[in-house]
Amino acid sequence: MCVCHLAMVALALSPPSQQLGYAVVSVASLFVASFAFGWGPLPWTVCSEIFPTKYRSKATAVTTATNWLVNTAVGKVFPLLPLATAFAIFAAACFAACATVFFFQPETANLGMEQIDEAFESHRVRRVSAKLWSADRRARIRAEGRRRMRAAAGAAAVAYASEVRAAGGDGAAGM
């Protein structure tokens, strides 16, 4: 997405032509596709995870309202700016957002809500190092995630079996 913003800055500074129109449509399409798979759903996911369970519903409502308010402000201000300036601001904001997520957002994949709360409470700023990019470290992180998922699934199965036994059933009633 950041690259698309920078490409739009370059296109906005170019003299008008039919090829420029095709390039703008292509870059805009690429931007929309990358937004849909990247930043688009991110605020909704992160805002539902970052707050403690006790405050989650109210805090998510406030973040949702703030998101829409900022979207409205961007929509009102965008037409007032020169095109290249607007896309340069968007590119800078995109790069800043990437850095913020990289350094300050803990990994929450394959975690339950309580584990996510713990991840946010214990998270420290990430330091860039060679260890961060090693294939071995990525493999260990994936293996730990799979182990946690299996443990959670096993615990859920045990809880279900004990509930069925407590109810006096064999667990096949719904089949």
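Can you give the angle from 0 to 90° between the axis of helix 135-167 and the longest principal axis of the chain, with both taken from C-alpha atoms, to the nearest 10?
40
Give me the angle, in degrees from 0 to 90, between the Cα long axis of helix 113-122 and the longest principal axis of the Cα atoms of the chain, rounded to the nearest 10.
Approximately 60 degrees, to the nearest 10.
Which value, in debye to the nearest 20, gives the size of the charge dipole of the chain about its Cα centre, when Lys and Arg are +1 and Asp and Glu are -1 at the Cβ? Kindly include the intermediate steps, with their values, before the conclusion.
On the way: 17 positive and 10 negative charges, 89 e Å.
Around 420 debye, computed over the chain.
Do the sum for the chain: with -39,500 (n - 2.57) for every DSSP H run of n ≥ 4, divided by all residues, what is the mean residue ellipticity at 222 nm, to the nearest 500 deg cm²/dmol?
Calculated at 222 nm, the ellipticity per residue is -24500 deg cm²/dmol.
Run the simple label-point estimate for ALA84 and GLU163 please: 7 Å along Cα→C-beta, distance reported in nm.
6.2
Once the range 1-98 is represented by equal point scatterers at the alpha-carbon sites, with solvent omitted, what log10 I(q)/I(0) does the Debye formula produce at q = 0.16, 0.24 Å⁻¹?
-0.79, -1.31
How much of the accessible area of the chain, in percent, comes from carbon and sulfur atoms when a 1.4 Å probe is used?
68
How far, in degrees from 0 to 90, does helix 83-104 lean away from the longest principal axis of the Cα atoms of the chain, to the nearest 10?
30
Let me know the Kirkwood hydrodynamic radius for the chain, please, with Cα pairs as the basis and the value in Å to one decimal.
20.5
The values are calculated or read from the model by the stated rules, or taken from the named source; none is laboratory data. The model shown is predicted, which means the values in this text are computed figures rather than measured ones. Using ideal geometry, Cβ is built from the backbone for each residue, glycine included, and neighbour counts are taken over all protein chains shown. The area values use the complete protein model at the heavy-atom level, side chains included, leaving out ligands, DNA and RNA. Shrake-Rupley method; radii C 1.70, N 1.55, O 1.52, S 1.80 Å.
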